[in-house]
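The numbers here are math on the coordinates, done by the rules we state, and not lab data. Predicted model, so just to flag it, every value in this text is computed and none were measured. When we count neighbours, we look across all protein chains shown, and the Cβ atoms used for this are built from the backbone with ideal geometry, even at glycine.
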Amino acid sequence: MSATIIRNGRVIDPANKRDEITDLLLVDGKITDQSAIRSPPSEIEQIDASNLIVCPGLIDMHVHLREPGFSHKETIESGARAAAAGGFTTIVCMPNTSPVPDNPSTIAWIKDRASAIACVKVLPTGAISKNLAGEELAPIGSLAQAGVVAITDDGHCIQNHEVMRRAVEYARMVNLPVLDHCQDYNLVGNGVVHEGYWSTLLGLPGWPAAGEEAIVMRNILLAELCDHPIHCQHLTTAGSVRLVREARARGIKISGEVCPHHIALTDEAIQNFDTNYKVNPPLRSQTDIDALVEGIADGTLSILCSDHAPHADFEKEVEFDAAPFGIIGLETELGLFLDLLVHKLRKIDLARLIEMYTVEPARLLKIDAGTLSIGARADVTLIDSELEWKVRVDQFESASRNSPFSGWTLKGRAVRTIAGGKTVWKL
Amino acid sequence: MTTRWTRKDLLGLRELSADEINFVLETANAFKQVGTREIKKVPALRGKTLVNFFVEPSTRTRTSFELAAFRLSADVINISAMTSSLTKGETLKDTARNLEALHADILVLRHSSAGAPQFLANRLKASVINAGDGAHEHPTQALLDLYTIRERRGKIAGLHVAIIGDILFSRVARSNIFGLLKLGARVTLVGPSTLVPHEFEKLGVEVSYRIDDVLPKADVVNLLRIQHERQRREYFPGLGEYIRLFGLTKERAKLLKPDCLIMHPGPINRGVEIDSEVADGLQSVILNQVTNGLAVRMAVLYLCGGIAS
């Protein structure tokens, strides 16, 4: 048997409403209690967690691993290492790969690949529509049987409300949440940056806030009509926050997530045409940031994630219009959210931040993760919430480097990641 | 004037100070004389290589830069999108680095993407001159507009300039706005609300949708071409309605002050944004703009080319 004892840490386990200085025991890949220990003390791995937070392994439910099809950007293996380095033991990967996982065999391939080489748990999503084209439904029932945790056309957005309505109705039958990238193609057009002062000044095509809000509103109506959860991915605008807040107050099964770049940066960052700031949806105004932060504080936006979107240097080193959208985030998101939400703005406490990275996504996706309950898989993250560190993009585990946060000093980060009882990353 | 030129690149007017703009205009003044001599050539850039790299089509601006370079004794190569390796899938960065490997000293870039000149300027030792990038900036056009206004009216400060037409998609408008405001002019933008969004007011200009209210007060009207071939239909219902609401017709031209200048960056659509007779009338300085463009571009090439060495 293998046994590990994590000593003297501040154990924060929102699932069990625990927050205390204590020891945590891991035996044979499970969280356990003292009674399960049968090893002689000399064979027990000791980890000193004094002054550290010990929490359930974090979950990032919005990650692009780029495999199959785009392994020059990232692989399941490198993406999983990046996740471990960021404190994540479970990641949910998006379906805009090639081939698209709109069929059970591609899902099987991803799961096989992940179990062979990924150091953290990788959970696939399936496509809502065939080839993400937004026209015909993918075989959602077969995808459910193949083990997807949700369906989404992320990177794309189903424009036909009737198709979306039937997808949500069908997903309800097989008990899968629907995740949606909210973008009205007619309103957004060829927009590349937030429509506002900076798009006007720089002459870059604008991506109006209403382009997101129109689809958020659509999703609220369909979640109500179908009585089934729709989760709005990477929300960015004050209007979206207001819509989701009002709908949740009425008991509608709608939820939303926030990415760190959308609260760390405004659209002013694009003024030098640096494509590392080009992301979809785009960086928005300070008013939007303030609303997102309020939405996080009052629980309207319940999930934090990265939308980790790797691209190769040569793909980003082009004209602004031509560059692909996306920012990598697995290795900076926890630091950014700790630094901004907990330390600087003091909008949420550590326990809530951990809850938004564990209990909330686990509940939405109905997955067995995000808890330190006895018997649970021994996924544990050790966090030093006071550690000041400098972001060094050149030292990232990710295969890509497209981060605008290079050189930033952040307060707080994961210092050790334990997946299934094994240390998979350590500072 | 104590200003000295320190920039290897000219990317836009937003980044220039009023002193720097005036310095270019003064330098252009000296070069304008050259054009009237029998020998129109000076040796300022002899031995230098200038590449006219036009990824988006242009005749007027490219010819003007080419002639300006000839008059400064530079060697000139013209590359268009069709003849460049961009059509073979080479990136802009690689094409430009190849040109630099051939020891090009000055790269004049016209590109459909906003920010493309800055992208290259950050990566090349050669001077990069923006000859128009997307809807962002067209600095030499604005400089020649400023030069023409100053030449005709003796000053810029205090003048009221109306820029009329498709502002949203216009790099000429943006560069003019930045330059005019820095030199103390008052600027009013006029055009359909879809092409002149209120967001522009945050740049420090006024916005009006009633041309007849603006024309009597203007010292300069700068008419922009309606780029109907590039636009999605929803921006305005059609040319007929555009002319009715915003065209500078003969009737409307009567509202102008007698000394008001009529400008246009070209190419003009006669009978659309401007009536044919008005374009050729006494108040029109459209061809003076073209002539001044040469002097202004000589000044820009001379100043930036001097820094790059």
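Hey, which aspartates and glutamates would be in cross-link range of B:Lys48, C-alpha to C-alpha under 16 Å, not counting anything within fewer than 8 residues on its own chain?
B:Asp9, B:Glu66, B:Asp75, B:Glu100, B:Asp105
Starting from the Cα-Cα distance between A:His161 and A:Glu246, subtract it from 0.36 nm times their residue separation and give me the gain in nm to one decimal. Before the final figure, lay out the partial values.
Numbers: separation 85, 0.36 × 85 = 30.60 nm, distance 2.12 nm.
Extra length from A:His161 to A:Glu246 when fully extended: 28.5 nm.
Please average, across the residues of A:312-319, the number of beta carbons from any other chain that are within 10 Å of each residue's own beta carbon, and give a whole number.
For this peptide, the per-residue mean of nearby foreign Cβ atoms is 4.
Could you sort out which of B:Lys93/B:Lys125; A:Lys30/A:Lys411; A:Lys278/A:Lys316 sit more than 20 Å apart by Cα distance in this structure? Please list the in-between numbers first.
Numbers: B:Lys93/B:Lys125 13 Å; A:Lys30/A:Lys411 30 Å; A:Lys278/A:Lys316 9 Å.
Beyond 20 Å between Cα atoms: A:Lys30/A:Lys411.
Tally the DSSP beta bridges in the protein assembly as shown and give the antiparallel ones as a percent, rounded to 5.
30 percent
Which ³J(HN,Hα) values, rounded to whole Hz and listed in residue order, are derived for segment B:48-64 from phi using the Karplus coefficients 6.51, -1.76 and 1.60 in 6.51 cos²θ - 1.76 cosθ + 1.60 with θ = phi - 60°, glycine and proline given as x?
8, 10, 10, 10, 8, 10, 10, 7, 10, x, 6, 10, 4, 5, 5, 4, 5
At q = 0.05, 0.07, 0.08 Å⁻¹, what log₁₀ I(q)/I(0) does a Debye calculation on the Cα points of the protein assembly as shown give, no solvent, two decimals?
Log10 of I(q)/I(0), two decimals: -0.32, -0.59, -0.73.
Between A:Gln395 and A:Ser42, take the C-beta separation as r, use R0 = 25 Å, and let me know the FRET efficiency to the nearest 0.05. The partial results should precede the final answer.
Details: r = 35 Å, r/R0 = 1.41.
Between A:Gln395 and A:Ser42 the formula returns 0.10.
List the lysines whose Cα sits under 20 Å from the Cα of B:Lys182, skipping any in the same chain fewer than 8 residues away.
Partners within reach: B:Lys155, B:Lys202.
Under a Cβ-Cβ cut-off of 11 Å, what is the net charge of the residues other than B:Ala142 that fall near it, where Lys and Arg count +1 and Asp and Glu count -1? Working shown, then result.
Numbers: positive: B:Arg14, B:Arg171, B:Arg174, B:Lys182; negative: B:Glu137, B:Asp145.
Charge balance in the 11 Å sphere: +2.
How far is helix B:18-36 tilted off the main Cα axis of chain B, in degrees rounded to 10, range 0 to 90?
Between the helix axis and the principal axis of chain B, the angle is about 80 degrees.
Can you give me the Kirkwood hydrodynamic radius for chain B, using every pair of distinct Cα atoms, in Å to one decimal?
The Cα-based Kirkwood calculation yields 19.8 Å.
Rounded to the nearest 500 deg cm²/dmol, what is the calculated helix-only ellipticity per residue at 222 nm for the protein assembly as shown, with -39500 (n - 2.57) per DSSP H run of length n ≥ 4?
Mean residue ellipticity, 222 nm, calculated: -9500 deg cm²/dmol.
Please work out the FRET efficiency for the pair A:Asp298 and A:Tyr197, using the Cβ-Cβ distance as r and a Förster radius of 25 Å; give the result to the nearest 0.05.
Rounded to the nearest 0.05, the efficiency is 0.35.
Note the angle between two axes, namely the Cα long axis of helix B:286-308 and the longest principal axis of the Cα atoms of chain B, as a number of degrees from 0 to 90, rounded to the nearest 10.
30 degrees
Compute the distance in nm between two label points, each set 7 Å from the Cα along the Cα-to-Cβ direction, one at B:Ala157 and one at A:Thr287.
For the pair B:Ala157/A:Thr287, the computed spacing is 3.5 nm.
Using 7 Å Cα-to-Cβ label points, what is the A:Arg7/B:Gln33 separation (nm, one decimal)?
8.8 nm
Can you give me the angle between helix B:171-182 and the longest principal axis of chain B, using Cα atoms only, in degrees from 0 to 90, rounded to the nearest 10?
With rounding to tens, the tilt is 80 degrees.
Would you mind telling me the antiparallel percentage of the DSSP bridges in segment A:58-365, rounded to 5?
The answer is about 5 percent antiparallel.
Work the Kirkwood hydrodynamic radius out for segment A:58-365: mean of 1/r over every pair of different alpha-carbon atoms, inverted, in Å. Present the calculation step by step, with values, prior to reporting the outcome.
On the way: mean 1/r = 0.0522 Å⁻¹.
By the Kirkwood definition, the hydrodynamic radius is 19.2 Å.
Just to be sure I understand the model, the point goes 7 Å from the Cα along the line to the Cβ. What's the resulting B:Ile268 to B:Ser58 distance in nm?
The modelled label-to-label distance comes out at 2.1 nm.
Quick check for me: using +1 on Lys/Arg Cβ and -1 on Asp/Glu Cβ, what's the dipole size of segment A:58-365 about its Cα centre, in debye to the nearest 20?
820 debye
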